[in-house]
1. What distance in nm lies between label points placed 7 Å from Cα along the C-beta direction at L106 and A80?
2. If I stretch the segment between Q35 and E70 completely, what's the gain in nm (0.36 nm per residue apart, minus their alpha carbon distance), one decimal?
3. Testing the spin-label approximation: label points 7 Å from Cα along Cα→Cβ at L125 and T15. State their distance in nm.
4. Quote the charge dipole size of the stretch 3-77 about the Cα centre in Debye, to the nearest 20; the model charges only the Cβ of Lys and Arg (+1) and of Asp and Glu (-1).
5. Lysine pairs in the stretch 3-77 8 or more apart or on different chains: how many have alpha carbons under 17 angstrom apart?
Amino acid sequence: MASVYSSEEVAKHSTKNDLWLVVHNKVYNVTEFVQEHPGGEEVLLDEAGKDATESFEDIGHSDEAREILEKYLIGELDEASKKDNHKFNVIRAGELPEQPKSGSFLRVVIPALLVAGAIAYKFVLEKKH
């Protein structure tokens, strides 16, 4: 059975030599990874002892990074500490955020009107000459 921790227990582990964090309500002891983190140790120290879900997802970690994280899984948050109200878009490394498709109607209509205008102008000029 997996260990269960409260957010208060996780908060006690917030130093470079004892660093826990939470991602998606799972508790990770990343103390051994602090020196290896590609983004630098400061990034992990900023999230030490806290829920790092939004920061983790906002940066766009790769599938490989997610696999590495799983090596450090030590348990999960207790029911009272769990959060389901995160506001983030999951972005994987190498992906771009999806852009809303606004103005697609105008992207078709404006060039069509320009072409139609050019053709009409050509015929009007030919009739005058």
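What follows is calculated from the coordinates using simple rules that are stated; it is not laboratory data. Everything numeric here is computed off the predicted structure, so don't read it as measured data. Cβ: placed from backbone, ideal geometry, glycine included. Neighbour counts: every protein chain shown.
1. 5.4 nm
2. Once the chain is fully extended between Q35 and E70, it gains 10.9 nm.
3. For the pair L125/T15, the computed spacing is 8.1 nm.
4. The dipole of the stretch 3-77 has a size of about 240 debye.
5. Lysine pairs satisfying the spacing and distance rule in the stretch 3-77 number 5.
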